[in-house]
1. Can you pull the Rg over Rh of the range 2-64, Cα-only, Kirkwood?
2. What is the diffusion coefficient of the range 230-306 in µm²/s, taking the Kirkwood radius over Cα pairs and the Stokes-Einstein relation at 37 °C with a viscosity of 0.692 mPa s?
3. What do you get for chymotrypsin sites (Phe, Trp or Tyr not before Pro) in the range 253-316 restricted to DSSP loop and a cutoff of at most 13 other Cβ within 10 Å of the site's Cβ?
4. Listed here are the pairs LYS137/LYS273; LYS160/LYS241; LYS160/LYS300; which of them are more than 31 Å apart at the Cα?
5. Counting alpha carbon pairs within less than 8 Å and at least 6 residues apart, what relative contact order, in whole percent, applies to the chain?
6. What net charge is computed for the residues neighbouring TYR21, neighbours being all others with C-beta under 12 Å from the C-beta of TYR21, Lys and Arg scored +1, Asp and Glu -1?
7. So what is the relative contact order for the range 38-177, in percent, with contacts set as C-alpha pairs under 8 Å and at least six apart?
8. For every other residue with a beta carbon closer than 11 angstrom to the beta carbon of GLU74, add +1 if it is Lys or Arg and -1 if Asp or Glu, then tell me the sum.
Amino acid sequence: MMKKILQHLFDYKTLTHQQAYDVLMEISNGLYNEHEITAFITVFLMRTITIEELRGFRDALLDLCVKVDFGGVETFDIVGTGGDGKNTFNISTLSCFIVAGAGQKVTKHGNYGATSVSGSSNVMEQLGYKFSNDNAKLSKELQETNICFLHAPLFHPALKNVGAIRKNLGVRTFFNMLGPMVNPAKPKYQLVGVYNLEMARIYNYLLQKSDNPFTIIHSLDGYDEISLTSDTKVITKEGEKVYTPAQLGKRIVYADDISGGDSVEEAAALFAKIIKGEGTWSQNAVVLANAAMALHCTGKYASYDEAYKTAVDSLEKGKAYHTLQKLITLQ
C-alpha cells in the first residue's frame, strides 16, 4: 500500500482528505516500517503540505487520541509549531503560566523538543511535573491551579511509531504543524505561533472553519512567537495586522537576549528564574507580549494594553510563580 502512495506522491500528486486520514491511521496501526514512513515524511519536507492533507492527518490524530473531559470548562492553549531553528527559551510555556496566573484556565499541549534543545515537556519534567493522561488528576490540577499539562505522547499513541524517526531526522516535519491542531482538550481559545507565512495561511484557513476565537502569530524574521526582534504579523478572525516591537512589548530585543541555553537543565533554570520575576528586561518583555496577546484573544479585555497590564500583574506579583509551585506540589 505504501509503495502505491509513495508513487502517487512522487508523481507530484497530492492526497485527498480521506487518503491522508487513511495513511495516518495505517501508520499508527504499525502497518509500515521506518523506511517507508521516513520516505513518506520526506515528501512533505520537499513540498508544501496541502490544506486537505493537513486536515486529513489532523482528523485521524483527533479520532485516535486519548479523550479528556473537563466538563465544558473553556480553556486556552498557547503553542508554537516549533521548527523555527531559533532555540529560544520556553516562551509559550512561560506565557501559559502567566495566563493561568491571571485567572484564565490553560490546557497546555506539549512534547519533548524535536528541533530545539528543550521542548515544553523537557522543561516541565525537569521542574518536577509528572506526565499523566488520567482525567481525574488533570481535572484537579486545572481546577486548583488553572493549568494542566497534556504530554502529547500519552494522548497520541498513534505517534509512537514516528517518534524515533522524527528525533533521528532532527528537522521540522508536518508533525510539527499538527501539534497545535490536536490538543485532546479541544481548547476554546488558541494562540498559535508559526515559523513562516505559508504556515500562517494554512492555519488561518483551518481555524476559520471553527467557531472558536484564535490568534496566529509570526515574527517576520522567522520566529514562531512574538520575539520582539522584529515586527509581528497577527492574524485573527477579524483579519491581519502587523505590529512593531514597541507596540507589543514596549521595546525591541536582540536574538541573543532570548536564546534558550544548551541543555534541558539550563532551559529549566532559565524558566525558573524568569517565572520568579528575575528575568532580564528582554526576557520579561517577550514573555509578557505573548501572554498579553493570548489574554487579548479571549475577548475579555477592552484592549491589548489592558491585557498587557494583566500579564505584568501576573508575573510581577508572583501569581504565575505561585501557579507553578502549586501545580508541582500536586504531583
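Values quoted throughout were computed directly from the atomic coordinates according to the rules given, and no laboratory measurement underlies them. Nothing here was measured: the structure is a model prediction, and the numbers come from that model. With ideal geometry, Cβ positions are generated from the backbone for all residues, glycine too; neighbour counts draw on all protein chains shown.
1. Working: Rg = 10.9 Å, Rh = 11.7 Å.
The Rg/Rh ratio comes out at 0.93.
2. Values: Rh = 13.9 Å.
Here the translational diffusion coefficient equals 237 µm²/s.
3. Working: sites: TYR254, PHE271, TRP281, TYR301, TYR304, TYR308; in loops: TYR254, TYR301.
Answer by residue number: TYR254.
4. Values: LYS137/LYS273 27 Å; LYS160/LYS241 38 Å; LYS160/LYS300 38 Å.
Pairs exceeding 31 Å: LYS160/LYS241; LYS160/LYS300.
5. Working: 612 pairs, mean separation 71.1, N = 331.
The normalised contact order for the chain reaches 21 percent.
6. Numbers: positive: ARG55, ARG58; negative: ASP22, GLU26, GLU52, GLU53, ASP59, ASP63.
Charge balance near TYR21 sits at -4.
7. On the way: 166 pairs, mean separation 42.9, N = 140.
Across the range 38-177, relative contact order equals 31 percent.
8. Details: positive: LYS105, LYS186, LYS188, LYS300; negative: none.
Taking every Cβ under 11 Å from that of GLU74, the sum is +4.
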